[in-house]
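The values are calculated or read from the model by the stated rules, or taken from the named source; none is laboratory data. Nothing here was measured: the structure is a model prediction, and the numbers come from that model. Cβ placement follows ideal geometry from the backbone for every residue including glycine, while neighbour counts extend to all protein chains displayed. When the accessible area is computed, the model is the full protein with side chains, heavy atoms only, and any ligands, DNA or RNA have been set aside. Shrake-Rupley method; radii C 1.70, N 1.55, O 1.52, S 1.80 Å.
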Amino acid sequence: MENRLPLDELLNYIDPSHLNYQEWVNVGFALKYEGYSVSDWDAWSQRDSARYRAGECERKWETFNKGGGTPITGATITQMAKENGWVPRSFSMEGGHELDWEDQLVIDANWIEPQEFHEPTYWNPVNELIKYLEVLFEEDDHVGYVTESWINESGKHVPTKGAYDRTAGQLIELLQKCNGDIGRVIGDYNPEVGAWIRFNPLDGKGAKNENVNEYRYALIECDDTELDKQNALIRELELPVAALVYSGNKSVHAIVRVDAADYQEYRKRVDYLYDICRKNGLKLDQQNRNPSRLSRMPGIMRNGKKQFLMDTNIGKESWNDWVEWIESVNDDLPEPESLDDFWADLPKLSPPLIEGVLRQGHKMLIAGPSKAGKSFALIEMCICIAEGQKWFGWNCTQGKVLYVNLELDRPSCLHRFKDVYTEMKLVPKGLKNIDIWNLRGKSIPMDKLAPKLIRRAAKKDYIAIVIDPIYKVITGDENSADQMANFCNQFDKVCTELGCAVIYCHHHSKGNQGGKRAMDRASGSGVFARDPDALLDLIELESTEALVKQESNRAVCEVCLKWLNKFGKGDIPSLDDMCSEKEMLSICRAQIKPAYEDMLVEIAEVRKKIKNRSAWRIEATLREFPKFDPINLWFDYPVHKIDSSGVLQDVLPDGEMPTWQKAMTKRKDPEVKKKERTDSVEMAYAACGIDEKVTIQNLSEYMGVSEKTVRRRLKEHGGFWIDEGIVGRK
């Protein structure tokens, strides 16, 4: 079958000796269903030498499918392989490389020169075995070995369980005193068959996988390649080999350092090791994956040939060194290019997503302290991209955007989008361009989130993905440069796989930020600020009483003019009048008496908003565009508004002025403060006194203070009386 499943590869992960009879039959049934031959089943079954019977597979094969019923497919073998460590398409290990099936070779086996080796002329079997034990084991490690065997029905010699009750130190001491007679120490062996030894230390209680004390080594054995080529391939692959032993037959046994912490890690590392070897021309015996597996013992005769120690401590020094080398050789990085090849025909730049700030497919970070409205700014940006509107004055390319919400509960997030839409006074024509992925309570580290995000977004054609906030998905220590570099690489992966921009926000570090550069304010490693293609940094501006008063005056004048226009009286005030709330209130009191009270209610609300809003400045660090002048904003919950009047241009960031100077600036002469309070009372009384009684409540609403404060200021003024909430001039 041309497109059949690669079940022959999956069978490498399944040991027939670990299956019961029905499971063994199911494998055969699945192989036949998927178009494989009986010889494939028979070759795999021979790995279970204790139960294998010649001709049994062929007899059973003929009975498959005769009885009808539900067929057993290749999915059965796939599931068995998964349960034994196989991972579809790629496998990974902690701290290691993720290797795709299509990865390039480390070496080309076709071009490797065979490396000859010969039996030693002067051979000291005892010394060879001592050296083997010294290299592989600690003195108090229990060593398993076998010198006896039995013949199965196929006529094959099968090793017994053997011995496992002595330590390496005990064996070495006895060997040093045996006068060259190995049999006195380990027992006599059949020279036609040879002897075996287990390469991992045991607990002294048995010789199974559960008796392995430490998972130090794995066995590499290949019967299908010429001996000299096996030797060359093992060395060319720089395998961290502790001991290299000739088996006395068709294979070289390499005892490879894997230094796994536990059985689970051992399986992952052996899978990685075996797959690298397979890709590079070593077709390994898959039965040797077990940590308690037997290997050939050096210093032993086998059917007229010597089982001898070929070499020790070759290749890389450790497993980690070898993996690092494999990754450096086996990368998927592009080759260097000559600028001369492209000088006359340069590739097109990615089009802008946010004009003058960010290109499509690039990354942007918004940084700022708490209460800066970073999430609102991101929501405003999502809306502007969806609607093709300007964001903070920058043109946005219209397209689909995904907002990954990690912080708000679902109802709050949805309401926030609607509130911002309403406050921006936009007709929601592009709602279909905004998708929201609510993950509050379900967030996972970014290296786990990235592939899930890519899978969900693959066919959505998003032009931007917004992740808010990133502290919910940070992996590792945010002050560690290497860990944060790895974290930020996940954004690159999303950009590359989906071809869209990734935009995220992060918080400032603690303390005053006014004296720092924009790129140094974000919390944690400097990687955060230097990794994105665009960094927009929000810093709060010092909002003084004078500034608040000036803005309040401007806002009140605008409200007054709006009401005058409503009644067709907009041409009455002069330009000077329109700069004074006192004059505008006086004109309104005379010209729009029926609606004056309603206007005062609106003015009270405006004063309250002016008092509660905060001032901010955006500074940028850009990679693709020239730097622009800082942009000043008011955060008027729930949206940011550009300071079109320019009053914030010369305002210093909060914290930039020394504390003592700030305190001096805020201090006012007591007489000046008293006069300001007196003037505010006069203005409020004049504004509220339209042919009606002026009340404490009226004055409180107009002045934006409590009724208690109004009473105190009236008393301080001295020119007014109060009677049951009614205020009059003396």
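Details
- Residues (acidic (Asp, Glu) and either open to solvent by 90 Å² or more (accessible area, probe 1.4 Å) or touching a strand residue (DSSP E or B) at 6+ places or on another chain (Cβ under 6 Å) (or both)) located in segment 671-700: GLU671, ASP691, GLU692
- Filtered residues of segment 17-30 (kept if closer than 21 Å to PRO71 by Cα and not charged (D, E, K, R)): LEU19, ASN20, TYR21, GLN22, TRP24, VAL25, ASN26, VAL27, GLY28, PHE29, ALA30
- Candidate set from segment 9-46 (those that are in contact with a Cys (Cβ under 7 Å, 6 or more places away or on another chain) and open to solvent by less than 30 Å² (accessible area, probe 1.4 Å)); member that is farthest from LYS60 (Cα to Cα): SER45
- Against the list (1) free of Cβ contacts under 8 Å to residues at least 60 places away in the same chain; (2) open to solvent by less than 60 Å² (accessible area, probe 1.4 Å), the condition GLU324 fails is (2).
- Across segment 626-653, the qualifying residues are those that are among the hydroxyl-bearing types (Ser, Thr, Tyr) and more than 34 Å from the chain's Cα centre (by Cα), and the one among them that is surrounded by the fewest Cβ atoms within 10 Å (Cβ to Cβ) is SER644.
- Residues of segment 390-418 that are over 22 Å from PRO630 (Cβ atoms), in contact with a Cys (Cβ under 7 Å, 6 or more places away or on another chain) and at pLDDT 95 or above: VAL401, TYR403.
- Contact map, segment 681-706: first residue of a type in the set (S, T, N, Q), second residue at pLDDT below 80, Cβ cut-off under 7 Å, separation 6 or more or different chains; pairs are ASN698/CYS688.
- Selected residue (criterion: modelled with the lowest pLDDT) from residues of segment 701-718 that are among the hydrophobic types (A, V, I, L, M, F, W, C) and crowded, with 18+ Cβ neighbours inside 10 Å: MET703
- Residue that is most open to solvent (accessible area, probe 1.4 Å) [pool: residues in segment 138-180 that are of a type in the set (S, T, N, Q) and without any contact (Cβ under 8 Å) to a residue 40 or more places away in the chain]: ASN179
- Taken together, the residues in segment 342-380 that are open to solvent by less than 40 Å² (accessible area, probe 1.4 Å) and part of a strand (DSSP E or B) amount to 10.
- The listed residue being over 30 Å from GLU540 (Cα atoms), of a type in the set (Phe, Trp, Tyr) and modelled with pLDDT of 90 or more, out of TRP616, TRP563, TRP634: TRP563
- Strands (runs of 3 or more DSSP E) contained in segment 201-264 and holding at least 2 residues modelled with pLDDT of 90 or more and hydroxyl-bearing (Ser, Thr, Tyr): 215-221
- Identity of the residue in segment 381-397, over 15 Å from MET364 (Cα atoms) and within 28 Å of the chain's Cα centre (by Cα), that ends up surrounded by the fewest Cβ atoms within 10 Å (Cβ to Cβ): THR397
- When each of GLN79, GLN115, GLN104 is tested for being within 26 Å of TYR13 (Cβ to Cβ) and modelled with pLDDT of 70 or more, the lone residue that passes is GLN79.
- Hey, GLU682 assigned to a helix (DSSP H, G or I) and at pLDDT below 80 or not: no
- Filter result (among the small types (Gly, Ala, Ser) and under 59 Å from the mean Cα position of the chain (by Cα)) within segment 571-594: SER580
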